[in-house]
Amino acid sequence: MTQPFSTVNVLGYDFIRATQQEFVDQLKKDSDEHANRFVVTANPEIVLTALNDPKYSDVIKGSDYLTADGIGIVKGAAILGESLPERVTGYDTMCAILKWADKAHKSVYFLGARSEVISTMIEKIRSDYPGLQIAGYHDGYFKDDTEIVSEIAASGPDFVFCALGFPRQEYFIARNRRAADAIWMGIGGSFDVLAGYAERAPQWWIDHHIEWLYRLVKEPSRFIRMLALPKYLLLVLKSRLTGRR
């Protein structure tokens, strides 16, 4: 594909330079053209994982759109003397697409989360977005892709949202995206939030770029995972000092 956005290279990964709205508008255009697109919304933890796993790194680099889902990516670009306009998150992108899909009568396949979570979420979507067509759904507890991929291929959705957690969701998409000319996007724990099983940070925390701190306060067990941010920033600083991206 011809990349419609300019990109900023951070530690070897090309992040698109786009606002949330610009990106959503592009996905709408891609969907109307029945384009096959692979979207990765990456935070510093995903970047660190990719840097330590060549196979996963290739998958990330093979995406059509890599967005800065994490203020650490935006700050990292700034340290390198580049600019990214804002975070482009998987959750906000999904919610915007659901609203549009409701009006445009687009179809969506939902994959991931626990059985009770996705069942609750589907009920909510049927209520909140009656014009949206549910192509199908399946929880994230499966070992073999075959049945799910066959269902996606048969239903021909416009969007496939994979809430399998990284790196599993990206591997799944990379393996199976040719089953349907759809927009395929990994969205982590977004189903839990949409279904009401998890709480997103209040808007004030999001606006002040400390959503990560709110999540840490709510879930202290995430402390080890949160160490990815300083490790990532140290790598960015080293990259700036050495002049190697």
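Note on Asp192: accessible area approximately 40 square angstrom, rounded to 10, probe 1.4 Å, nucleic acids and ligands left out. When the charge dipole of the range 19-97 is built from unit charges on Cβ atoms (+1 for Lys and Arg, -1 for Asp and Glu) and taken about the Cα centre, the candidate among Val39, Asn52, Leu66 whose Cα reaches farthest toward its positive end is Asn52. Shown are Arg178, Arg114, Arg126, whose ranking by accessible area with a 1.4 Å probe and every protein chain present, most to least, is Arg178, Arg126, Arg114. Charged side chains reduced to their Cβ positions (Lys and Arg at +1, Asp and Glu at -1) give the chain a dipole of some 820 debye around its Cα centre.
If eta is 1.567 mPa s and T is 4 °C, what Stokes-Einstein diffusion coefficient results for the range 1-102, Kirkwood Rh from Cα pairs, in µm²/s? So the translational diffusion coefficient is about 93 µm²/s. Run the 1.4 Å probe and let me know the accessible area of Ser155, rounded to the nearest 10 Å². Rounded to the nearest 10, the figure is 50 Å². Ordering Thr2, Thr146 by accessible surface, largest first, gives Thr2, Thr146; the 1.4 Å probe counts only protein heavy atoms, with every chain in place.
Largest to smallest in accessible area, the residues Leu164, Leu229, Leu111 fall in the order Leu229, Leu164, Leu111 (1.4 Å probe, all protein chains included). Taking 0.36 nm per residue of sequence separation and removing the Cα-Cα distance, the Gln133/Gln21 pair yields an extension gain of 38.0 nm. Which residue, Lys231, Lys143, Lys103, has the most motion in a Gaussian network model of the chain that connects Cα atoms within less than 10 Å? Highest fluctuation among the options: Lys143.
Quantify, in whole percent, the carbon and sulfur part of the accessible surface of the range 44-155 (1.4 Å probe; protein heavy atoms only). Carbon plus sulfur share of accessible area: 47 percent.
In this structure the amide hydrogen of Tyr137, modeled in the peptide plane, comes within under 5 Å of the amide hydrogens of Phe110, none closer than 5 places in sequence on its chain. Alpha-carbon geometry of the chain: the Rg and the Dmax are 17.5, 54 Å, given in that order. Phe38 contributes an accessible area of around 0 Å² to the protein surface, as traced by a 1.4 Å probe with all chains present.
Annotation: amide H-H contacts under 5 Å for Arg37 (H modelled 1.01 Å from N, sequence separation of 5 or more, or interchain): Ala182, Ile183, Trp184.
Label sites at Ala78 and Arg114, each approximated as a point 7 angstrom past Cα along Cα to Cβ, lie 3.8 nm apart.
The values are calculated or read from the model by the stated rules, or taken from the named source; none is laboratory data. These numbers were taken from a predicted model, which means no experiment stands behind them. All Cβ positions, even for glycine, are placed from backbone atoms using ideal geometry, and neighbour counts span all protein chains on display. Just the protein is used for accessible areas: all its heavy atoms, side chains included, with ligands, DNA and RNA removed. Shrake-Rupley method; radii C 1.70, N 1.55, O 1.52, S 1.80 Å.
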